[in-house]
Amino acid sequence: MNETIGSAAASPSDIAAAVERLAGAAASGVPCAPVRDLIGRDDLAAAYAVQAALTGSRLAAGARIAGRKIGLTSEAVQRQLGVDQPDLGVLFDDMAYADGDTIPVGRILQPRAEAEIAFVLGADLADGPLDAPQVRDAIAYGVAALEICGSRIAGWDISFGDTVADNASSGAYVLGTERRTLGEFEPVDVVMSMSVDGEEVSAGTGAACLGDPIEAVVWLARMARDLGEPLRAGQVVLSGALGPMRPVAAGDTVTATLSGLGTVTVRFTEGAAE
């Protein structure tokens, strides 16, 4: 951590206990109690220290980082969860699904779906001002995406510290097939509709994502660099929800339509993690 993030107020033993609690929930498939009793509700440094430790364990077990996600960018989602600022999480290679795939519902604890724009980077975002022009130049293309959020914490009873520690409530993500450069679409103008089994359950626009999805990626690029792990070429960036998330269950088919980017669909089936 650097001075932008600050130093954790929580003790190393409390951070380790939070790591153990969340790792146990992930391994057992049984959601756990919140970790704010250990690391506090808003201790940014402690929460990201827990996330970093869990990430290290995943990498040591053979996982590969595929990109990052920005969470809590939509005011609607912030209201749903009682938080007031964005966060970031790590995307691993085993979280990725293709358009039209099926996901065993037991693969993700307490799954909820949200629709957003995913960007794939064509250049690193490690040096320089990391402002909007630099971010735009670094984006190779955008695609329609569904993020399937999951919480290791029972009942989604989360504070900001809980969700950050829990890898920003990451679960899985699904990318559409229509790739568009920023010369072909403008993220802030995208209109989104998400349906479950043909019934619309969420709607929004690019402006719902921190005012502009590009500004969300600016925030992410700076925060990732502050945390010592800048964004790299080839990585996927989930830029944040364009509308409220919705719970999903076995048998549900979720489709998101994003203007200029086409559609992306996933179906949930019975079954445990693969």
If GLN78 satisfies every condition in (1) surrounded by fewer than 19 Cβ atoms within 10 Å (Cβ to Cβ); (2) touching a Leu at 6+ places or on another chain (Cβ under 8 Å); (3) part of a helix (DSSP H, G or I); (4) at pLDDT 95 or above but one, which is the exception?
(4)
It is to be established whether one or more residues within segment 80-98 are farther than 29 Å from GLU200 by Cβ and more than 15 Å from the chain's Cα centre (by Cα).
no
Any idea which of THR257, THR263 is of a type outside the set (Gly, Ala, Ser) and touching a Gly at 6+ places or on another chain (Cβ under 9 Å)?
THR263
Using the structure shown, decide if SER259 is more than 23 Å from LEU109 (Cβ to Cβ) and small (Gly, Ala, Ser).
yes
Cβ-Cβ distance below 7 Å, separation of 6 or more or different chains: which pairs start in segment 136-165 with a residue that is closer than 30 Å to GLY260 by Cα and end on one that is modelled with pLDDT under 95 and not in a strand (DSSP E or B)?
CYS149/MET245
For segment 244-274, give me the residue count where each residue is aliphatic (A, V, I, L, M) and either modelled with pLDDT under 95 or surrounded by fewer than 19 Cβ atoms within 10 Å (Cβ to Cβ) (or both).
5
Go through segment 12-70 and count every residue that is β-branched (Val, Ile, Thr), surrounded by fewer than 20 Cβ atoms within 10 Å (Cβ to Cβ) and within 17 Å of the chain's Cα centre (by Cα).
2
So, in segment 103-139, of the ones that are of a type in the set (Asp, Glu) and in contact with a strand residue (DSSP E or B) (Cβ under 6 Å, 6 or more places away or on another chain), which residue ends up surrounded by the most Cβ atoms within 10 Å (Cβ to Cβ)?
GLU116
Consider ALA45 against the criteria (1) outside any helix (DSSP H, G or I); (2) touching a residue at least 24 places away in the same chain (Cβ under 8 Å): it satisfies all of them except one. Which criterion is unmet?
(1)
How many of the residues making up segment 140-174 are under 24 Å from GLY122 (Cα atoms) and either in contact with a Gly (Cβ under 7 Å, 6 or more places away or on another chain) or surrounded by 20 or more Cβ atoms within 10 Å (Cβ to Cβ) (or both)?
11
Residues being out of contact with any Asp or Glu (no Cβ under 9 Å at 6 or more places or on another chain) and either β-branched (Val, Ile, Thr) or within 13 Å of ARG112 (Cβ to Cβ) (or both): count how many of those fall in segment 151-165.
2
Tally time: how many residues in segment 188-215 are in a helix (DSSP H, G or I) and farther than 26 Å from VAL248 by Cα?
4
Within segment 94-147, which residues are under 30 Å from GLU270 (Cα atoms) and of a type in the set (Lys, Arg)?
ARG107, ARG112
Looking at segment 19-42, which of the residues that are outside any helix (DSSP H, G or I) and over 13 Å from SER151 (Cβ atoms) is modelled with the lowest pLDDT?
ASP42
Any residue at all in segment 155-162 that's of a type in the set (S, T, N, Q) and assigned to a helix (DSSP H, G or I)?
no
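The values are calculated or read from the model by the stated rules, or taken from the named source; none is laboratory data. Because the structure is a prediction, the values reported are computed rather than measured. Virtual Cβ from ideal backbone geometry, glycine too; neighbours counted across all protein chains shown.
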